[in-house]
Amino acid sequence: MASSSAGIVTGLTAAALVTVGVLAHQASVAAPAGPERPRASSTPAPGAPKAPRDRHHPDALPAGSGTGERVVYSVDDDRVWLVGSGNRVRRTFRVTPSTVDPAPGAYTVTSRSNRVTGSDGVPVEHVVRFATAQGVAIGFSAAVDGSTAKPDPDERTGGVRTSRADGEAIWRFATIGQQVVVVP
């Protein structure tokens with residue numbers, strides 16, 4: 001009897017594995033192809049309207065940019081806000097955008113690197129990555145030489161460049177899992 005029970009369990013296990021394999025294949029065929037596939041770390045809202053701005057205070061935190069501790073990045077204004085508890089802006093600064101922009105939405109910091117070479121070949125520090133768009137990793141970074149030159153428009157880059165001081169501030173603030181809200 002024990003050998004027939006083992007055979008039944010083995011048969012059921014094999015059938016379950018085949019079923020899981022078939023379902024996984026069907027899911028991969030039905031999923032969108034290419035780098036446009038959404039990532040679990042983001043909930044982008046393409047085509048979102050521009051967040052209202054305070055015309056008298058252009059560096060004021062955009063309305064509708066979320067709640068709680070977070071990094072807010074405006075792709076239209078090339079500005080970042082580090083927002084602490086109580087919706088209090090701890091720091092805001094201008095950035096040099098990459099050539100590939102993330103879609104508006106809420107993301108989380110997924111990885112960080114103290115020093116690497118950027119996709120444009122420039123040595124960078126304090127890299128804080130939070131999104132992928134068009135197959136390019138998007139994140140904040142500061143060039144080690146302090147430069148913030150605009151990237152070559154013919155290259156697909158994801159490095160949103162900050163000054164070294166601002167890069168250090170975002171490095172201390174935006175640890176793994178920190179929310180990053182991208183607004184138009």
- [ ] Quick one: check the C-alpha center-to-center distance for the range 165-183 versus the range 59-133, whole angstrom.
- [x] 6
- [ ] Over the range 77-184, average the accessible area per residue using a 1.4 Å probe and give it in Å², no decimals.
- [x] 44
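Once neighbouring chains are kept in place and the probe is 1.4 Å, which whole percent of the accessible area of the range 101-184 is contributed by carbon and sulfur?
48
The values are calculated or read from the model by the stated rules, or taken from the named source; none is laboratory data. Since this is a predicted model, take the numbers as computed values, not measurements. Side chains are part of the model used for accessible areas, which takes the heavy atoms of the whole protein and leaves out ligands, DNA and RNA. Shrake-Rupley method; radii C 1.70, N 1.55, O 1.52, S 1.80 Å.
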